[in-house]
Amino acid sequence: MGLDDFKNSSISKSSNKAFNYKKLDEKLESIVEQCQKQFPEKVEIDFIEASPKLKKHAGKAYRDQNIEDGRLEYSIYIRIKKSLAERGGNDLVMVVLHEMCHCYLYQHGIGASEKDVVFQWLCGRVVADPSGLFRGDKEYDKIIKPFIEQDLPEIDQ
Ligand SMILES: [Zn+2]
């Protein structure tokens with residue numbers, strides 16, 4: 001397929017998905033599309049999919065290197081824990097935004113970790129959860145949650 005086919009979509013390449021939860025993946029794709037407006041330029045993501053294999057992480061962003069026609073190509077994609085994708089809600093939106101922040105940095109050649117200031121700033125800017133560690137604790141409920149409820153973008157799920 002030509003590039004034009006994907007002009008209006010952030011899911012830009014044919015996918016190498018490992019799983020096939022069509023309904024859940026469509027829901028995740030729709031969330032990505034709606035979250036794009038939080039970023040000043042398009043976040044390049046080859047695909048997003050629900051994964052039954054993610055246990056420790058709520059989501060994960062990947063950057064794979066492959067050689068295509070003798071050229072080095074990067075494939076950037078996201079997997080979201082299947083149970084979270086099913087549950088939905090603000091937690092899901094925050095996790096998708098978090099992974100999109102990783103992808104945004106990847107596409108700019110930056111492999112930042114959660115500890116890096118640039119990643120934390122980006123998460124704060126787009127109202128993503130920077131670590132997942134805050135969720136559920138007292139400080140999170142008291143200090144962070146009200147800001148999230150005020151600023152998280154409206155996302156149809
Ligand atoms: Zn992360």
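Some points to look at:
- Residue, farthest from the chain's Cα centre (by Cα), within the stretch 121-143, restricted to residues that are modelled with pLDDT of 85 or more and aliphatic (A, V, I, L, M): ILE143
- Scanning the stretch 68-95 for residues that are of a type outside the set (Asp, Glu) and in contact with a strand residue (DSSP E or B) (Cβ under 7 Å, 6 or more places away or on another chain) turns up LEU72, TYR74, SER75, ILE76, TYR77, ILE78, ARG79, ILE80, LYS81, LYS82, ALA85, VAL95.
Residue-wise test of (1) closer than 16 Å to GLN34 by Cα; (2) more than 16 Å from the ligand (Cβ to nearest atom); (3) surrounded by 15 or more Cβ atoms within 10 Å (Cβ to Cβ); (4) free of Cβ contacts under 8 Å to residues at least 12 places away in the same chain.
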position	(1), (2), (3), (4)
ARG71	no, yes, no, yes
SER83	no, yes, no, yes
MET100	yes, no, yes, no
LEU105	no, no, yes, no
PHE119	no, no, yes, no
LYS138	no, yes, no, yes
PHE147	no, yes, no, no
GLN157	yes, yes, no, no
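- Residue that is nearest to HIS98 (Cα to Cα) [pool: residues in the stretch 40-64 that are surrounded by fewer than 20 Cβ atoms within 10 Å (Cβ to Cβ) and in contact with a Phe, Trp or Tyr (Cβ under 6 Å, 6 or more places away or on another chain)]: TYR62
- Filter result (within 16 Å of the ligand (Cβ to nearest atom) and closer than 21 Å to PRO153 by Cα) within the stretch 40-59: VAL43, ILE45, ILE48, ALA58, GLY59
- Put simply, of ILE110, ILE67 the only residue that is more than 16 Å from the ligand (Cβ to nearest atom), at negative phi and β-branched (Val, Ile, Thr) is ILE67.
The values are calculated or read from the model by the stated rules, or taken from the named source; none is laboratory data. If you're wondering where the values come from, they're calculated on a predicted model, not measured in any experiment. So basically every Cβ, Gly included, is an ideal-geometry build from the backbone, and we count neighbours across all protein chains shown.
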